[in-house]
1. What are the pairs with Cβ atoms under 7 angstrom where one residue, in segment 108-130, is under 22 Å from N72 (Cα atoms) and the other, located anywhere, is of a type in the set (F, W, Y) and surrounded by fewer than 22 Cβ atoms within 10 Å (Cβ to Cβ)? Sequence gap at least six, or different chains.
2. Within segment 133-152, track down each residue that is without any contact (Cβ under 8 Å) to a residue 40 or more places away in the chain, touching a Ser or Thr at 6+ places or on another chain (Cβ under 7 Å) and under 22 Å from V325 (Cα atoms).
3. Under 8 Å between Cβ atoms, at least 6 apart or on separate chains: pull out the pairs that start in segment 307-330 with a residue that is free of Cβ contacts under 8 Å to residues at least 12 places away in the same chain and farther than 24 Å from R363 by Cα and end on any residue that is open to solvent by less than 10 Å² (accessible area, probe 1.4 Å) and in a helix (DSSP H, G or I).
4. Filtering segment 192-212 down to residues that are closer than 19 Å to D237 by Cα and assigned to a strand (DSSP E or B), which residue is most open to solvent (accessible area, probe 1.4 Å)?
5. Return the residues of segment 303-318 that are among the hydrophobic types (A, V, I, L, M, F, W, C) and crowded, with 18+ Cβ neighbours inside 10 Å; say none if nothing qualifies.
6. If I go through segment 213-261 residue by residue, how many of them are assigned to a loop (DSSP other than H, G, I, E, B) and either free of Cβ contacts under 8 Å to residues at least 40 places away in the same chain or open to solvent by 10 Å² or more (accessible area, probe 1.4 Å) (or both)?
7. In this structure, is P70 surrounded by fewer than 20 Cβ atoms within 10 Å (Cβ to Cβ) and at pLDDT 90 or above?
Amino acid sequence: MTEQSKGGRIRGTGRRRKPPAKGRRAATVAAWSAAALVVVGGSGLGYAYLKLNGNLEGVDINAQLGAERPENVDNGSMDILVLGSDSRSGDNGAYGKDEGGARSDTAMIVHVYEGHQRASVVSVPRDTLVDRPACTDERGTAVAGEKRAMFNTAYEAGGPACAVKTVESMSGIRMDHYIEVDFTGFKKLIDKLGGVDITTTERITDDKSHLDLAPGPHTLDGEQSLGLVRTRKSVGDGSDLGRIQLQQAFMKAFIDQVKDVGVLSNPKKLLDIADTATKAITPDSELDSVNELMGFAKGLSGLGAEDVHMITMPVAYDPADPNRVIPLEAQSRQVWQALKADKPIPASATKDAATGKADGLVR
């Protein structure tokens, strides 16, 4: 997991959004972690708090970004930037050479609507060319902006705060929270949950992600799950867009899977999952304690797979470089305006957008 310095905590002074509603269990890896903590706390296992709190190390996004951010709209909705880091340091070295930095291999903007019974997820392709704004990294060093920079270089150049600022700059939407998930933690969490059930409609073989799945049903362990969400060259048109389609299909299966995991009657298994989950994530400084994660979980725990609408940010292949994509301005504007107004994303927003051609390979 990316190292962050705890340091002194500075809280944001903006208005807070309406308290989240209660409901069923979690909708994403991060949400499941929090939901597990809710039950641990509610069951009276007070000794677990110290252990789990010790796993959490937050990053103070508010302090690094300051006041020049989009308005914090107080309409009961919530926006979260979830990043998967492709750092190859530490245990993640098994997935490639450590070149001294990390990039946001996976990026999802999660918008939870007022009432917290529905959500939209917008995946941002890492190869998207954007105008990256100037920002300040966690050491206070100024990072210059750049025109036509790949989206995932924002994290590499300036860390989590720069990634958040880039998302806010292109969307006009203020992120309420940030959660980073690392490779190894993701793999271990899937194993603790007992795997995820999927069905493949075609054979998926990928040497780079060490994956070989025949057509048909599978229960993926952590290593296979990680391989699936990293697979790119061997599916669809070989682009990052195809990988995103696999990631979204996997997340749908994951959401359904957690509902069937029998942890509520098994406190030890619950604590093991919570321990693994809290080690897997780096949250913002407003979520880096058990109590804060409990409140966050209550805002997401009412979501099931059928309540989550997933799209990819509307893009087209860059005419100057087919290995890069560029935002479709009009369609992207539809997406951001809908979310900012807490409205469903219209179907017209994704019309004529590049897809990656891997839809339907996993369900």
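The values are calculated or read from the model by the stated rules, or taken from the named source; none is laboratory data. As the structure is a prediction and not an experimental result, all values here were calculated from the model. Positions of Cβ are backbone-derived with ideal geometry, glycine not excepted, and every protein chain shown enters the neighbour counts. The accessibility values were calculated without ligands, DNA or RNA, using every heavy atom of the protein model including side chains. Shrake-Rupley method; radii C 1.70, N 1.55, O 1.52, S 1.80 Å.
1. These pairs meet every condition: A119/Y113.
2. Passing the criteria: only P133.
3. none
4. Filtering first and then ranking leaves D212.
5. Those that are among the hydrophobic types (A, V, I, L, M, F, W, C) and crowded, with 18+ Cβ neighbours inside 10 Å: L303, V308, M310, M313, V315.
6. Qualifying residue count, segment 213-261: 13.
7. Spelling it out, P70 is indeed surrounded by fewer than 20 Cβ atoms within 10 Å (Cβ to Cβ) and at pLDDT 90 or above.
To keep it simple, each residue is scored yes or no on (1) of a type in the set (D, E, K, R); (2) modelled with pLDDT under 90; (3) on the phi > 0 side of the Ramachandran plot; (4) open to solvent by 40 Å² or more (accessible area, probe 1.4 Å).
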{"residue": "G42", "(1), (2), (3), (4)": "no, yes, no, yes"}
{"residue": "Y47", "(1), (2), (3), (4)": "no, yes, no, yes"}
{"residue": "D60", "(1), (2), (3), (4)": "yes, no, no, no"}
{"residue": "V82", "(1), (2), (3), (4)": "no, no, no, no"}
